[in-house]
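Asker: Quick one: the structure is below, questions incoming.
The values are calculated or read from the model by the stated rules, or taken from the named source; none is laboratory data. What you see is a predicted model, and the numbers here were worked out from it, not measured in a lab. Glycine gets a Cβ as well: all are built from the backbone with ideal geometry, and neighbour counts include every protein chain shown.
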Amino acid sequence: MLVNQFLLLGAVLFCVGVYGVLARRNGVLVLMSIELILNAVNINLLALGSLQGPQAAVVGQVFALFVITIAAAEVGVGLAIVLLIYRNRHSVDLDEVDLMKG
Amino acid sequence: MIAQNIAFTILAAVATLAAVRVVTTRNVVHAALYLVMVLASVGALYVLLVAEFVAAVQILIYIGAIVVLFLFGIMLTRATIGADAGLDNDQRWIAAVTGLFLLGVLTFVLVDAFGDDRLPSLENMSREALTAERGTGAVGDAIFSTYLVPFEVVSVLLLAALVGAIVLARRE
(Lines give C-alpha, C1' and ligand atoms only; values in the text may rest on other atoms or scores of the structure.)
Protein backbone atom coordinates (compact mmCIF):
# COMPACT_ATOMS: atom_id res chain seq x y z
CA MET A 1 0.00 0.00 0.00
CA LEU A 2 1.17 3.52 -0.71
CA VAL A 3 1.78 5.71 2.31
CA ASN A 4 0.07 8.53 0.44
CA GLN A 5 -3.26 6.69 0.55
CA PHE A 6 -3.34 7.20 4.29
CA LEU A 7 -1.80 10.66 4.29
CA LEU A 8 -4.29 11.94 1.69
CA LEU A 9 -7.22 10.48 3.62
CA GLY A 10 -5.85 12.29 6.66
CA ALA A 11 -5.66 15.50 4.65
CA VAL A 12 -9.28 15.11 3.51
CA LEU A 13 -10.51 14.51 7.06
CA PHE A 14 -8.47 17.47 8.29
CA CYS A 15 -9.93 19.83 5.68
CA VAL A 16 -13.48 18.64 6.33
CA GLY A 17 -12.83 19.32 10.02
CA VAL A 18 -11.51 22.81 9.29
CA TYR A 19 -14.62 23.52 7.20
CA GLY A 20 -16.78 22.35 10.09
CA VAL A 21 -14.99 24.54 12.64
CA LEU A 22 -15.39 27.58 10.38
CA ALA A 23 -18.94 27.02 9.14
CA ARG A 24 -20.81 25.63 12.16
CA ARG A 25 -22.34 27.93 14.74
CA ASN A 26 -23.47 25.29 17.22
CA GLY A 27 -20.77 24.80 19.89
CA VAL A 28 -21.21 21.02 20.12
CA LEU A 29 -20.82 20.62 16.34
CA VAL A 30 -17.61 22.68 16.39
CA LEU A 31 -16.21 20.27 18.98
CA MET A 32 -17.18 17.34 16.74
CA SER A 33 -15.26 18.92 13.85
CA ILE A 34 -12.22 19.24 16.12
CA GLU A 35 -12.47 15.48 16.72
CA LEU A 36 -12.28 14.96 12.94
CA ILE A 37 -9.08 17.02 12.85
CA LEU A 38 -7.53 15.01 15.70
CA ASN A 39 -8.39 11.75 13.93
CA ALA A 40 -6.63 12.99 10.81
CA VAL A 41 -3.53 13.62 12.93
CA ASN A 42 -3.69 10.08 14.34
CA ILE A 43 -3.88 8.53 10.87
CA ASN A 44 -0.80 10.53 9.89
CA LEU A 45 1.11 9.46 13.01
CA LEU A 46 0.41 5.77 12.42
CA ALA A 47 1.06 5.85 8.66
CA LEU A 48 4.32 7.76 8.93
CA GLY A 49 5.49 5.58 11.83
CA SER A 50 4.75 2.48 9.82
CA LEU A 51 6.69 3.91 6.87
CA GLN A 52 9.85 4.39 8.94
CA GLY A 53 10.12 0.84 10.24
CA PRO A 54 9.17 -1.19 13.32
CA GLN A 55 10.62 1.08 16.03
CA ALA A 56 9.00 4.19 14.59
CA ALA A 57 5.74 2.25 14.20
CA VAL A 58 5.66 1.67 17.96
CA VAL A 59 6.49 5.33 18.63
CA GLY A 60 3.68 6.37 16.28
CA GLN A 61 1.22 4.18 18.17
CA VAL A 62 2.32 5.64 21.52
CA PHE A 63 1.87 9.18 20.19
CA ALA A 64 -1.55 8.30 18.78
CA LEU A 65 -2.58 7.00 22.20
CA PHE A 66 -1.47 10.28 23.80
CA VAL A 67 -3.45 12.25 21.21
CA ILE A 68 -6.56 10.15 21.94
CA THR A 69 -6.17 10.80 25.68
CA ILE A 70 -5.76 14.51 25.19
CA ALA A 71 -8.76 14.54 22.86
CA ALA A 72 -10.85 13.01 25.65
CA ALA A 73 -9.68 15.68 28.11
CA GLU A 74 -10.34 18.40 25.53
CA VAL A 75 -13.89 17.24 24.88
CA GLY A 76 -14.62 17.09 28.60
CA VAL A 77 -13.50 20.65 29.26
CA GLY A 78 -14.93 21.92 25.95
CA LEU A 79 -18.38 20.52 26.62
CA ALA A 80 -18.30 21.97 30.14
CA ILE A 81 -17.57 25.39 28.60
CA VAL A 82 -20.38 24.98 26.03
CA LEU A 83 -22.72 24.00 28.84
CA LEU A 84 -21.72 27.12 30.77
CA ILE A 85 -22.38 29.28 27.70
CA TYR A 86 -25.79 27.64 27.35
CA ARG A 87 -26.60 28.25 31.00
CA ASN A 88 -25.68 31.94 30.81
CA ARG A 89 -27.18 32.80 27.41
CA HIS A 90 -29.75 30.05 26.74
CA SER A 91 -28.19 29.27 23.37
CA VAL A 92 -25.03 27.60 22.09
CA ASP A 93 -24.76 29.91 19.09
CA LEU A 94 -21.06 30.77 18.94
CA ASP A 95 -21.73 33.81 16.73
CA GLU A 96 -23.38 35.48 19.71
CA VAL A 97 -20.33 34.95 21.93
CA ASP A 98 -18.56 38.11 20.78
CA LEU A 99 -17.79 39.90 24.04
CA MET A 100 -14.14 40.27 23.07
CA LYS A 101 -14.85 41.60 19.57
CA GLY A 102 -13.24 45.01 19.11
CA MET B 1 -2.15 -6.74 -1.00
CA ILE B 2 -5.17 -6.41 -3.25
CA ALA B 3 -7.52 -7.30 -0.40
CA GLN B 4 -5.90 -4.58 1.73
CA ASN B 5 -6.39 -2.03 -1.02
CA ILE B 6 -10.05 -2.97 -1.44
CA ALA B 7 -10.58 -2.69 2.32
CA PHE B 8 -8.80 0.66 2.35
CA THR B 9 -10.95 2.00 -0.50
CA ILE B 10 -14.20 1.03 1.18
CA LEU B 11 -13.15 2.36 4.60
CA ALA B 12 -11.79 5.60 3.17
CA ALA B 13 -14.97 6.19 1.18
CA VAL B 14 -17.15 5.56 4.24
CA ALA B 15 -14.97 7.81 6.41
CA THR B 16 -14.94 10.66 3.89
CA LEU B 17 -18.68 10.58 3.16
CA ALA B 18 -19.59 10.32 6.85
CA ALA B 19 -17.17 13.15 7.71
CA VAL B 20 -18.80 15.37 5.09
CA ARG B 21 -22.20 14.52 6.54
CA VAL B 22 -20.95 15.39 10.06
CA VAL B 23 -20.24 18.95 8.98
CA THR B 24 -23.22 19.40 6.64
CA THR B 25 -26.19 17.61 8.24
CA ARG B 26 -28.95 19.73 9.71
CA ASN B 27 -29.69 17.38 12.57
CA VAL B 28 -27.37 17.51 15.59
CA VAL B 29 -28.04 13.94 16.70
CA HIS B 30 -27.39 12.66 13.16
CA ALA B 31 -24.06 14.51 13.22
CA ALA B 32 -23.06 12.56 16.33
CA LEU B 33 -24.09 9.26 14.72
CA TYR B 34 -22.19 10.05 11.51
CA LEU B 35 -19.20 10.81 13.74
CA VAL B 36 -19.48 7.23 15.03
CA MET B 37 -19.19 6.01 11.41
CA VAL B 38 -16.08 8.12 10.83
CA LEU B 39 -14.46 6.94 14.05
CA ALA B 40 -15.27 3.28 13.40
CA SER B 41 -13.84 3.32 9.88
CA VAL B 42 -10.72 5.15 11.06
CA GLY B 43 -10.38 2.48 13.76
CA ALA B 44 -10.56 -0.21 11.08
CA LEU B 45 -7.85 1.66 9.14
CA TYR B 46 -5.63 1.41 12.24
CA VAL B 47 -5.99 -2.37 12.00
CA LEU B 48 -4.81 -2.15 8.37
CA LEU B 49 -1.76 -0.29 9.69
CA VAL B 50 -1.06 -3.13 12.19
CA ALA B 51 -1.96 -1.01 15.22
CA GLU B 52 -4.58 -3.19 16.86
CA PHE B 53 -4.22 -1.68 20.33
CA VAL B 54 -4.80 1.84 19.03
CA ALA B 55 -7.82 0.50 17.13
CA ALA B 56 -9.26 -0.99 20.33
CA VAL B 57 -8.61 2.25 22.22
CA GLN B 58 -10.24 4.19 19.38
CA ILE B 59 -13.42 2.11 19.72
CA LEU B 60 -13.39 2.20 23.55
CA ILE B 61 -12.51 5.86 24.13
CA TYR B 62 -13.88 7.60 21.06
CA ILE B 63 -17.05 5.67 20.31
CA GLY B 64 -17.63 4.49 23.86
CA ALA B 65 -16.85 7.64 25.82
CA ILE B 66 -16.48 10.73 23.66
CA VAL B 67 -19.57 10.21 21.48
CA VAL B 68 -21.65 9.51 24.59
CA LEU B 69 -20.28 12.74 26.03
CA PHE B 70 -21.36 14.52 22.83
CA LEU B 71 -24.86 13.04 23.09
CA PHE B 72 -25.03 14.27 26.69
CA GLY B 73 -23.90 17.70 25.52
CA ILE B 74 -26.61 17.74 22.84
CA MET B 75 -29.22 16.71 25.39
CA LEU B 76 -28.16 19.19 28.07
CA THR B 77 -28.05 22.15 25.67
CA ARG B 78 -31.59 21.22 24.55
CA ALA B 79 -30.71 21.23 20.86
CA THR B 80 -33.59 20.83 18.46
CA ILE B 81 -34.18 17.12 17.91
CA GLY B 82 -34.88 17.01 14.19
CA ALA B 83 -33.87 19.29 11.36
CA ASP B 84 -32.59 22.71 12.37
CA ALA B 85 -31.69 25.24 9.70
CA GLY B 86 -29.68 27.47 12.05
CA LEU B 87 -26.66 25.21 12.55
CA ASP B 88 -24.44 26.93 9.98
CA ASN B 89 -23.34 30.54 9.99
CA ASP B 90 -23.15 32.75 6.93
CA GLN B 91 -19.43 32.16 6.29
CA ARG B 92 -20.20 28.76 4.79
CA TRP B 93 -18.85 29.58 1.32
CA ILE B 94 -15.68 31.21 2.62
CA ALA B 95 -15.17 28.17 4.85
CA ALA B 96 -15.64 25.82 1.88
CA VAL B 97 -13.12 27.79 -0.18
CA THR B 98 -10.65 27.71 2.73
CA GLY B 99 -11.09 23.97 3.17
CA LEU B 100 -10.66 23.21 -0.53
CA PHE B 101 -7.63 25.50 -0.79
CA LEU B 102 -6.06 23.79 2.20
CA LEU B 103 -6.81 20.39 0.66
CA GLY B 104 -5.17 21.46 -2.59
CA VAL B 105 -2.04 22.67 -0.82
CA LEU B 106 -1.81 19.54 1.34
CA THR B 107 -2.35 17.24 -1.66
CA PHE B 108 0.36 19.01 -3.63
CA VAL B 109 2.84 18.85 -0.74
CA LEU B 110 2.11 15.20 0.05
CA VAL B 111 2.30 14.02 -3.55
CA ASP B 112 5.50 16.02 -3.97
CA ALA B 113 7.09 14.67 -0.79
CA PHE B 114 5.98 11.03 -0.72
CA GLY B 115 5.14 10.36 -4.38
CA ASP B 116 4.66 6.62 -4.50
CA ASP B 117 6.60 5.58 -1.41
CA ARG B 118 5.26 2.21 -0.30
CA LEU B 119 4.66 1.06 3.23
CA PRO B 120 7.09 -1.79 4.03
CA SER B 121 5.47 -5.09 3.11
CA LEU B 122 4.77 -7.26 6.15
CA GLU B 123 3.41 -10.24 4.25
CA ASN B 124 6.51 -12.42 4.68
CA MET B 125 6.67 -11.98 8.45
CA SER B 126 5.25 -14.56 10.82
CA ARG B 127 2.49 -13.44 13.11
CA GLU B 128 4.67 -13.99 16.19
CA ALA B 129 7.46 -11.80 14.83
CA LEU B 130 4.99 -9.08 13.89
CA THR B 131 3.40 -9.15 17.35
CA ALA B 132 6.78 -8.99 19.08
CA GLU B 133 7.86 -6.15 16.82
CA ARG B 134 4.86 -3.79 16.94
CA GLY B 135 2.08 -5.50 18.86
CA THR B 136 0.40 -4.42 22.07
CA GLY B 137 3.32 -5.73 24.14
CA ALA B 138 5.82 -3.56 22.29
CA VAL B 139 3.57 -0.51 22.73
CA GLY B 140 3.26 -1.23 26.45
CA ASP B 141 7.03 -1.59 26.76
CA ALA B 142 7.55 1.75 25.03
CA ILE B 143 4.96 3.54 27.18
CA PHE B 144 6.34 2.23 30.45
CA SER B 145 10.02 2.73 29.64
CA THR B 146 10.89 5.48 27.17
CA TYR B 147 7.63 7.41 27.48
CA LEU B 148 7.01 6.92 31.21
CA VAL B 149 7.28 10.63 32.08
CA PRO B 150 4.86 11.82 29.34
CA PHE B 151 2.51 9.03 30.40
CA GLU B 152 2.45 10.28 33.98
CA VAL B 153 2.07 13.87 32.80
CA VAL B 154 -0.93 12.79 30.70
CA SER B 155 -2.56 11.22 33.76
CA VAL B 156 -2.09 14.48 35.69
CA LEU B 157 -3.56 16.34 32.69
CA LEU B 158 -6.61 14.06 32.73
CA LEU B 159 -7.06 14.73 36.45
CA ALA B 160 -6.80 18.48 35.83
CA ALA B 161 -9.34 18.24 33.00
CA LEU B 162 -11.69 16.23 35.23
CA VAL B 163 -11.49 18.78 38.06
CA GLY B 164 -11.79 21.66 35.59
CA ALA B 165 -14.87 20.20 33.91
CA ILE B 166 -16.59 19.61 37.25
CA VAL B 167 -15.78 23.11 38.50
CA LEU B 168 -17.04 24.66 35.25
CA ALA B 169 -20.24 22.65 34.98
CA ARG B 170 -21.48 22.48 38.56
CA ARG B 171 -24.17 24.85 39.75
CA GLU B 172 -23.46 27.16 42.65
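Asker: Those residues that are farther than 19 Å from residue A:89 by Cβ and either β-branched (Val, Ile, Thr) or within 7 Å of chain A (Cβ to nearest Cβ) (or both), I need them from the stretch B:68-83; list them, please.
Answerer: Selection gives B:68, B:69, B:70, B:81.
Asker: Report the residue count in the stretch B:133-160 for those that are surrounded by 13 or more Cβ atoms within 10 Å (Cβ to Cβ) and hydrophobic (A, V, I, L, M, F, W, C).
Answerer: Residues flagged as surrounded by 13 or more Cβ atoms within 10 Å (Cβ to Cβ) and hydrophobic (A, V, I, L, M, F, W, C) within the stretch B:133-160 amount to 8.
Asker: In addition: For the stretch B:80-105, give me each residue that is within 24 Å of the chain's Cα centre (by Cα) and either hydrophobic (A, V, I, L, M, F, W, C) or in a loop (DSSP other than H, G, I, E, B) (or both).
Answerer: If the condition is that a residue be within 24 Å of the chain's Cα centre (by Cα) and either hydrophobic (A, V, I, L, M, F, W, C) or in a loop (DSSP other than H, G, I, E, B) (or both), then B:87, B:95, B:96, B:97, B:100, B:101, B:102, B:103, B:105 are the ones that fit.
Asker: For the stretch B:66-79, what are the residues that are within 20 Å of residue A:23 (Cβ to Cβ), assigned to a helix (DSSP H, G or I) and without any contact (Cβ under 8 Å) to a residue 12 or more places away in the chain?
Answerer: Within the stretch B:66-79, B:73 is the sole residue that qualifies.
Asker: OK, next. Would you say residue B:165 is hydrophobic (A, V, I, L, M, F, W, C), at the interface with chain A (Cβ under 9 Å from one of its Cβ atoms), surrounded by fewer than 14 Cβ atoms within 10 Å (Cβ to Cβ) and within 30 Å of residue A:77 (Cβ to Cβ)?
Answerer: Against the criterion (hydrophobic (A, V, I, L, M, F, W, C), at the interface with chain A (Cβ under 9 Å from one of its Cβ atoms), surrounded by fewer than 14 Cβ atoms within 10 Å (Cβ to Cβ) and within 30 Å of residue A:77 (Cβ to Cβ)), residue B:165 does not qualify.
Asker: Identify, please: which residue in the stretch A:65-81 is farther than 25 Å from residue B:148 by Cα and of a type outside the set (Val, Ile, Thr) and is, among those, farthest from the other protein chains (Cβ to nearest Cβ)?
Answerer: Filtering first and then ranking leaves A:78.
Asker: Here's something else I'd like to know. Are there any pairs, at least 6 apart or on different chains, whose C-beta atoms fall under 9 Å, with the first in the stretch A:58-78 and among the small types (Gly, Ala, Ser) and the second at pLDDT below 95 and not in a helix (DSSP H, G or I), and if so, which?
Answerer: As it stands, the answer is A:60/B:49; A:60/B:51; A:64/B:51, since those pairs meet every condition given.
Asker: Which of the residues spanning the stretch A:23-53 are over 13 Å from the mean Cα position of the chain (by Cα), facing chain B (nearest Cβ under 7 Å) and hydrophobic (A, V, I, L, M, F, W, C)?
Answerer: A:23, A:46, A:47, A:51 - these are the residues of the stretch A:23-53 that are over 13 Å from the mean Cα position of the chain (by Cα), facing chain B (nearest Cβ under 7 Å) and hydrophobic (A, V, I, L, M, F, W, C).
Asker: Among the residues in the stretch B:84-97, are any at the interface with chain A (Cβ under 7 Å from one of its Cβ atoms), in contact (Cβ under 8 Å) with a residue 40 or more places away in the chain and among the aliphatic types (A, V, I, L, M)?
Answerer: Looking for residues that are at the interface with chain A (Cβ under 7 Å from one of its Cβ atoms), in contact (Cβ under 8 Å) with a residue 40 or more places away in the chain and among the aliphatic types (A, V, I, L, M), one finds at least one in the stretch B:84-97, hence yes.
Asker: Let me ask something additional. Tell me, please, whether a residue that is at the interface with another protein chain (Cβ under 7 Å from one of its Cβ atoms), surrounded by fewer than 17 Cβ atoms within 10 Å (Cβ to Cβ) and within 20 Å of residue A:4 (Cα to Cα) can be found in the stretch B:16-28.
Answerer: Looking for residues that are at the interface with another protein chain (Cβ under 7 Å from one of its Cβ atoms), surrounded by fewer than 17 Cβ atoms within 10 Å (Cβ to Cβ) and within 20 Å of residue A:4 (Cα to Cα), one finds at least one in the stretch B:16-28, hence yes.
Asker: Moving on to the next point. On the given criteria, is residue B:109 more than 7 Å from chain A (Cβ to nearest Cβ), surrounded by 12 or more Cβ atoms within 10 Å (Cβ to Cβ) and within 24 Å of residue B:41 (Cβ to Cβ)?
Answerer: no
Asker: For the stretch A:80-100, which residues satisfy the criterion of being closer than 21 Å to residue B:167 by Cβ and charged (D, E, K, R)?
Answerer: A:87, A:89
Asker: Considering only residues that are within 7 Å of chain B (Cβ to nearest Cβ) and of a type in the set (Gly, Ala, Ser), look in the stretch A:1-22 and name the one that is farthest from the chain's Cα centre (by Cα).
Answerer: Only one residue tops the list, namely A:11.
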